[in-house]
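Since the structure comes first, as structure tokens, the remarks are kept for the end.
The values are calculated or read from the model by the stated rules, or taken from the named source; none is laboratory data. The structure presented is a predicted model; accordingly, all values stated were derived computationally and were not measured. Here the Cβ is made from the backbone with ideal geometry for all residues, glycine too, and neighbour counts use every protein chain on show.
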Amino acid sequence: MAYIPPHKRHSKDSNRPSPTPTPELLAPQFKRDLNLRSSQHNVHRVGKIINVDKCVYRWFVVDLDDNHRFPGFVHLESISEPIEQTLGEKSLVLVNNHADKGNDELGGNISRRPWEFLAKNVWPDLLTSFNNLRNKMECKELEKVKPKLIARFGKILFRGTNSVNIEKVKKDPVSETTLKRLWRTFYTNVPTSYMENIIGGVVPKIGVDFETDKDVYHIRVIDSTRPKAIIHCKCRVKEDKTFELYKIEINFARHMAIDISCVDKNLDLRLMLWTKSIVTDLTDEEMQSLRNLINSAVLDPGVKGGLRWPLGKSNLGDRYRVSGVWHTEVKLYESSSLRLKVRHADRFCFESSTGESTMEITLKLKQLASDILEQKVDTDTIYNMFKDTLGLIWDYFLCCEHFLTKQLVPSSTYSEKC
């Protein structure tokens with residue numbers, strides 16, 4: 001059999017589920033609304049982001065009926081075969097047959113105002129997460145960090161556990177209690193038609209203006225002297241096809257992740273607070289070593305990630321090792337309070353020899369994050385801003401064609417493990 005370089009191999013390894021979280025006590029007024037998974041008390045890696053100590057993680061459902069049951073038009077379906085092969089295991093997704101009929105009327109049943117329910121339930125966790133972050137920054141545990149509060153759009157995938165058989169779940173009526181016992185993955189790849197609707201239909205309505213296009217290579221580097229960190233090098237390709245290393249970041253850390261199944265829509269929502277740090281303390285020798293490692297890469301649009309390294313060149317001595325590469329093409333739209341990112345990302349992970357190509361939409365809530373962190377505005381005003389922002393998201397970002405249960409789907413996926 002002919003030799004296949006690692007960066008062109010297709011892995012059949014299954015994604016490993018994240019460790020089982022343990023339940024925590026709920027505040028009484030939220031017991032019926034939230035499924036609370038415990039804060040993670042040890043820093044651990046989840047893909048490219050670590051969960052910090054006291055990371056807040058939740059999952060709950062919006063738009064159940066008065067008895068906290070799923071509407072009859074919502075059911076579970078198996079995801080299509082190509083995605084199942086990529087994830088390495090069977091998964092189910094909540095499908096709303098009613099949502100297709102209502103996509104021309106953004107916002108659904110306005111009288112119910114589901115974003116107010118959402119704001120009420122998320123607000124305490126949001127304040128807790130920002131308080132934890134503020135305390136770390138004040139005691140210098142975190143310095144020179146850039147907090148980001150973002151909304152991501154996609155679908156929550158449900159997978160079986162040792163105690164719950166996924167095939168049996170599919171046959172039974174949809175139950176919130178049963179779903180709480182399953183593994184969950186947040187799938188962020190969206191169809192091209194959704195991206196086109198966001199650019200052509202939503203951008204003019206929400207008051208964001210086009211800012212810039214970016215074409216960036218992200219190179220993830222393992223540094224043996226920083227065992228708990230991954231270095232992210234951002235590079236541009238110059239006209240002479242050489243690389244310009246213009247930013248180095250470290251410690252992408254998640255402080256909050258709240259997943260919301262929006263059963264009256266056909267996309268789900270993830271609200272996430274995370275930080276990253278700009279590296280400024282590298283010596284000239286260390287900077288030159290990273291440049292040498294990056295400059296040994298070869299541009300190759302035929303491989304995942306767009307870059308490859310000649311044999312033996314992806315390591316630099318015993319200290320630096322390339323663990324992954326992304327090629328991202330981004331369109332940015334911005335207003336004084338929001339930043340919309342439309343991104344096509346082509347990724348490759350050296351550690352698992354797997355690649356993925358995705359289309360992702362991210363809404364950065366920059367004014368809201370600034371006001372909460374700096375506490376320069378009264379809480380009621382910030383809460384109303386938060387509620388209005390969720391209303392905007394509900395109206396404009398959660399309508400999409402059914403795509404996970406169709407036959408024609410991307411052959412590779414990107415997901416954020418819960």
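Determine the pairs where a residue that is closer than 16 Å to Asn132 by Cβ, located within segment 261-278, has a partner that is among the aromatic types (Phe, Trp, Tyr) and in a strand (DSSP E or B) with Cβ atoms under 8 Å apart, the partner being 6 or more residues away or on another chain.
Trp274/Phe252; Thr275/Phe252
Look at segment 226-241 and say how many of its residues are surrounded by 14 or more Cβ atoms within 10 Å (Cβ to Cβ), assigned to a loop (DSSP other than H, G, I, E, B) and not charged (D, E, K, R).
Adding up the residues that qualify gives 1.
Taking segment 339-376 as the region of interest, how many residues are over 20 Å from Lys146 (Cα atoms) and out of contact with any strand residue (DSSP E or B) (no Cβ under 6 Å at 6 or more places or on another chain)?
Selection size over segment 339-376: 3.
Out of (1) at pLDDT below 95; (2) within 30 Å of Trp59 (Cα to Cα); (3) assigned to a loop (DSSP other than H, G, I, E, B), what's the single condition that is false for Lys276?
Among (1) at pLDDT below 95; (2) within 30 Å of Trp59 (Cα to Cα); (3) assigned to a loop (DSSP other than H, G, I, E, B), the lone unmet condition for Lys276 is (3).
Tell me yes or no: at least one residue of segment 366-378 is touching a residue at least 24 places away in the same chain (Cβ under 8 Å), touching a Pro at 6+ places or on another chain (Cβ under 8 Å), under 30 Å from Arg226 (Cα atoms) and not in a strand (DSSP E or B).
Yes, the conditions are met somewhere in segment 366-378.
Considering only residues that are in contact (Cβ under 8 Å) with a residue 60 or more places away in the chain and not in a strand (DSSP E or B), look in segment 335-365 and name the one that is surrounded by the most Cβ atoms within 10 Å (Cβ to Cβ).
Leu365
Would you confirm, using the coordinates I've provided, whether Ala297 is modelled with pLDDT of 90 or more, surrounded by 21 or more Cβ atoms within 10 Å (Cβ to Cβ) and over 22 Å from Phe348 (Cβ atoms)?
Considered against the rule, which asks whether it is modelled with pLDDT of 90 or more, surrounded by 21 or more Cβ atoms within 10 Å (Cβ to Cβ) and over 22 Å from Phe348 (Cβ atoms), Ala297 comes out as no.
So, restricting to helices (runs of 4 or more DSSP H) that lie completely within segment 58-141, which ones have at least 1 residues that are at pLDDT below 80 and among the β-branched types (Val, Ile, Thr)?
Passing ranges, in order: 81-87.
Picking from Asn251, Asn189, which residue would you name as being in contact (Cβ under 8 Å) with a residue 12 or more places away in the chain and in a loop (DSSP other than H, G, I, E, B)?
Answer to the check: Asn189.
Filter segment 137-178 down to the residues that are without any contact (Cβ under 8 Å) to a residue 40 or more places away in the chain and surrounded by 15 or more Cβ atoms within 10 Å (Cβ to Cβ) and list them by number.
Met137, Val164, Thr178, listed by residue number.
Looking at segment 311-331, is at least one residue of a type outside the set (D, E, K, R), surrounded by fewer than 21 Cβ atoms within 10 Å (Cβ to Cβ), in contact with a strand residue (DSSP E or B) (Cβ under 8 Å, 6 or more places away or on another chain) and outside any strand (DSSP E or B)?
The answer is no, given that none of the residues of segment 311-331 is of a type outside the set (D, E, K, R), surrounded by fewer than 21 Cβ atoms within 10 Å (Cβ to Cβ), in contact with a strand residue (DSSP E or B) (Cβ under 8 Å, 6 or more places away or on another chain) and outside any strand (DSSP E or B).
Would segment 168-182 turn up any residue that is within 22 Å of the chain's Cα centre (by Cα) and not in a loop (DSSP other than H, G, I, E, B)?
Yes - at least one qualifying residue is present in segment 168-182.
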